[in-house]
1. Per the chain: cysteines with no other Cys C-beta under 4.7 angstrom?
2. Rounded, prolate or oblate: which one fits the range 30-117, using the alpha carbon gyration tensor with axes a ≥ b ≥ c (rounded when a/c is under 1.5, else prolate when a/b beats b/c, else oblate)?
3. Between 172, 65, 164, find the one with the highest GNM mean-square fluctuation for the chain; connect C-alpha pairs within less than 10 Å.
4. Rounded to the nearest 0.05, what FRET efficiency do residue 173 and residue 139 have when you use their Cβ-Cβ distance and R0 = 30 Å?
5. List every residue whose amide H lies under 5 Å from the amide H of residue 77, counting only residues 5 or more places away in sequence or on a different chain, with H placed 1.01 Å from N in the peptide plane.
6. So what are the ³J(HN,Hα) numbers for the range 95-102, from phi and the Karplus equation (6.51, -1.76, 1.60; θ = phi - 60°), rounded to whole Hz, Gly and Pro as x?
7. Can you tell me, using C-alpha contacts under 8 Å and at least 6 residues apart, the relative contact order of the range 150-219 as a whole percent?
8. Hey, what did the chain get for relative contact order, percent, Cα under 8 Å, at least 6 apart?
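What follows is calculated from the coordinates using simple rules that are stated; it is not laboratory data. Remember, predicted model here, so these are calculated numbers, not experimental data. Using ideal geometry, Cβ is built from the backbone for each residue, glycine included, and neighbour counts are taken over all protein chains shown.
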Amino acid sequence: MTGVLDLKTTFPFISILGIDLRKEFEEACTLQSIKQGTQLTDSGASCRFMTFVLAGRIKIFKLSHEGREITLFRVTSGECCIMSAACILSGKPFPAIAVAEEPITAITLPGGFFADFFSRSLVLQQYVMGMFADRFEAMSMLLEEVAFNRMDNRLAKFLLQKHHQGKLTTTHEAIALEMGTAREVVSRLLNDFQKKGYVQLSRGELFIKSFEALSQLSEN
């Protein structure tokens, strides 16, 4: 395949593989270019391929019957989707939705090949299990945040994490989807933040006016 150098640079574990295993892995890879907004899989679908992201970002999220969305995690450069790995290895369907949040350059492996290679390669096992550990920690933090933190705390933290030089170009609906709540809840809280002088709202934009106030609120 093309881009072997980029592949080894982005996924260092490949260089650790033995010569024969490395050749086998590289020959099984298919280079993919995926447009932004493409839905990669749906909840309940079977996992036919394992994806390793070279560039771009994939969002993995759940959607309720009422249309409410909550982001579980993202897959970025140098990462694979551990949810896909779990589905391939267990034979169970994918339990969420995956969408290309940015244009994606990735390599894919057939699911059957990945399962077989995983059973024979300690190096791949260590890489995937390391990803599992990272995702488990992140998911535990998400669960703790959703279960125990007030929505105003979560919103303040969200604004501090997502802003660029004090500005967010987004909508109340988009923030609500990201946080797994209703748009009305986000709008009410943002209007309250504006009254308190924390932010300034504009159509499709938000400007942070008091980083200190939001920081204190996010830590309460």
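1. 29, 80, 81
2. On the way: a/c = 2.05, a/b = 1.16, b/c = 1.77.
Oblate shape, in that a/c is at least 1.5 and b/c is the bigger or equal ratio.
3. Checking each option, the largest mean-square fluctuation is seen for 65.
4. Numbers: r = 25 Å, r/R0 = 0.82.
About 0.75, to the nearest 0.05.
5. Sorted by chain and number, the residues that satisfy this are 56.
6. x, 8, 10, 10, 10, 6, 6, 9
7. On the way: 78 pairs, mean separation 28.3, N = 70.
With pairs under 8 Å counted, the relative contact order is 40 percent.
8. Details: 355 pairs, mean separation 45.3, N = 220.
The normalised contact order for the chain reaches 21 percent.
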